[in-house]
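Structure record follows, encoded as structure tokens.
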Amino acid sequence: MAVLAIGLPAAARRRRRLSRAAVNAWTLRQWALWSRTLAPVRPLDAPRARATAWDASWPLKQEPLSVRQARRLVSAQLADWAVPGLGDTAELLVSEVVTNALRHTRGPLRLNLRLYESRLLCEVEDTESAGPVRNIAGPDAEGGRGTELLDLLADAWGSARTATGKSVWFALHHPAGSAEPEQAPVAPR
């Protein structure tokens, strides 16, 4: 039941309007907060963020050619970063993780690479929230060895839930040391 404001003094009418405006402002702030919290930062069909000197991201399509594209992107990025010795291992593990994402999900994918300190971190994001499942593959099995390869070749690996699904990641030790740019040596005189 609505209260008529006709008989109220002007100050009371002003307070009532202010309180209604305050409630509307609070509601709008809450809606903005929750929509930012519940919505993903970036959809998976776009890069995660602007590429930096030691961070890169690419969207991948839900098609078998994405495995080859992911291997090429990783090898080109490692060559650009001048990281020797990680190319073959990183390409193999990326192809395994992307293949698993293509097999077990239906949405878009995103490949992220980050080089920090002495590690290369690679992650593949997809829209399925269930994590990878370990299977024991028989000696004649044609597949099912992806997690075994990650165990053998990666220094660390795992999966984490994200706002859009999950991220399967692995880390490789960079043998050359720090990924931060070094200063040019001073030539002797």
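The values are calculated or read from the model by the stated rules, or taken from the named source; none is laboratory data. Owing to the predicted nature of the structure, the values given are computational and were not obtained by experimental measurement. All Cβ positions, even for glycine, are placed from backbone atoms using ideal geometry, and neighbour counts span all protein chains on display. With ligands, DNA and RNA removed, areas are computed over all heavy atoms of the protein, side chains included. Shrake-Rupley method; radii C 1.70, N 1.55, O 1.52, S 1.80 Å.
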Seminar exercise, completed: Within segment 58-83, the residues that are aliphatic (A, V, I, L, M) and surrounded by fewer than 13 Cβ atoms within 10 Å (Cβ to Cβ) are Leu65, Ala76, Ala79, Ala82
For this session: Considering each of Ala160, Ala156, Ala141 in turn, give the residue that is at pLDDT 85 or above and more than 14 Å from the chain's Cα centre (by Cα).
Result: Ala156
For this session: Please go through segment 87-137 and pick out each residue that is in a helix (DSSP H, G or I) and among the basic types (Lys, Arg).
Result: Arg103
For this session: Go through (1) open to solvent by less than 70 Å² (accessible area, probe 1.4 Å); (2) over 15 Å from Leu153 (Cβ atoms) and name the single condition His104 misses.
Result: (1)
Exercise. Which one is farthest from the chain's Cα centre (by Cα) among residues in segment 163-176 that are within 23 Å of Gly85 (Cβ to Cβ) and small (Gly, Ala, Ser)?
Worked result: Ala176
Seminar exercise, completed: Within segment 146-159, the count of residues that are more than 16 Å from His104 (Cα to Cα) and in contact with a strand residue (DSSP E or B) (Cβ under 9 Å, 6 or more places away or on another chain) comes to 8
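Looking only at segment 118-138, count every residue that is at pLDDT below 75 and farther than 20 Å from Lys166 by Cα and tell me the total.
If we filter segment 118-138 for residues that are at pLDDT below 75, which is where we start, we get 131-138.
When the remaining residues are screened for being farther than 20 Å from Lys166 by Cα, the result is 136-138.
The total comes to 3.
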Exercise. Restricting the first residue to segment 121-146 and requiring it to be over 30 Å from Val83 (Cα atoms) and polar (S, T, N, Q), which pairs with a second residue that is modelled with pLDDT under 70 and part of a loop (DSSP other than H, G, I, E, B) meet a Cβ separation below 8 Å and a spacing of at least six or different chains?
Worked result: Thr127/Leu44; Asn135/Gly144
For this session: List every residue pair whose Cβ atoms sit under 8 Å apart, with the two residues 6 or more apart in sequence or on different chains, where the first one lies in segment 160-175 and is within 12 Å of Val97 (Cα to Cα) and the second, anywhere, is part of a loop (DSSP other than H, G, I, E, B) and open to solvent by less than 20 Å² (accessible area, probe 1.4 Å).
Result: Phe170/Ala154
For this session: Those residues that are buried (at least 19 other Cβ atoms within 10 Å of the Cβ) and over 16 Å from the mean Cα position of the chain (by Cα), I need them from segment 84-99; list them, please.
Result: Leu86, Ala90, Leu93, Glu96
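To keep it simple, each residue is scored yes or no on (1) at pLDDT 90 or above; (2) under 24 Å from Arg161 (Cα atoms).
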residue: Asp45; (1), (2): no, yes
residue: Trp54; (1), (2): no, yes
residue: Val74; (1), (2): yes, yes
residue: Leu86; (1), (2): no, no
residue: Val97; (1), (2): yes, yes
residue: Pro108; (1), (2): no, yes
residue: Tyr116; (1), (2): no, yes
residue: Gly146; (1), (2): no, yes
